[in-house]
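A short worksheet on the structure shown next.
The values are calculated or read from the model by the stated rules, or taken from the named source; none is laboratory data. Keep in mind that what you see is a predicted model, and the values were worked out from it rather than measured. Backbone-built Cβ (ideal geometry, glycine too); neighbour counts: all protein chains shown.
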Amino acid sequence: MTERTLPGIEEHPDILTLRASSERATTTVTAQVLEGFALLAGLYLAASAWIVGFNATLPALAVSNLIAGLAFAFFMGGGFGSAFERTHAMSWAAVAIGLWTIIAPFAVSGARTSHPAMVVVSNVVIGGLAVALAAATSVLGQMARRRS
């Protein structure tokens, strides 16, 4: 008697089609450039406390930026670099990280604490850039799904 084996879920035709369309979207030069800039933005965010110089004066914000920057870099470039077709799915989480980066100076340290202007400017600019890069990556993935 022979045993009958069924194919796994990873071989389902719908999943294969979805992966193929996602891979087409994220293997374009535009998507790879966006992901490269997003990786650099995440690394800057992680190191921004030491670059701008507020690691000693605002340690809670320094830790928040370090964690957010590493997570952003992981979601947008580093952690899923070998799986381009899945990177755009993580971009919505990266949008949330970018939004957190914008409000973090006030949420972490409290609104009453006076912040040096460079701290606020650094977080707002890199947070806005992170939101834009993550949203653009997500839009590329959605456009590819519509085309296929």
Discussion item. Return the residues of the range 10-50 that are exposed (fewer than 14 other Cβ atoms within 10 Å of the Cβ) and modelled with pLDDT of 95 or more; say none if nothing qualifies.
Written reply: Trp50
Discussion item. Yes or no: the range 73-93 includes at least one residue that is farther than 30 Å from Thr17 by Cα and modelled with pLDDT of 85 or more.
Written reply: no
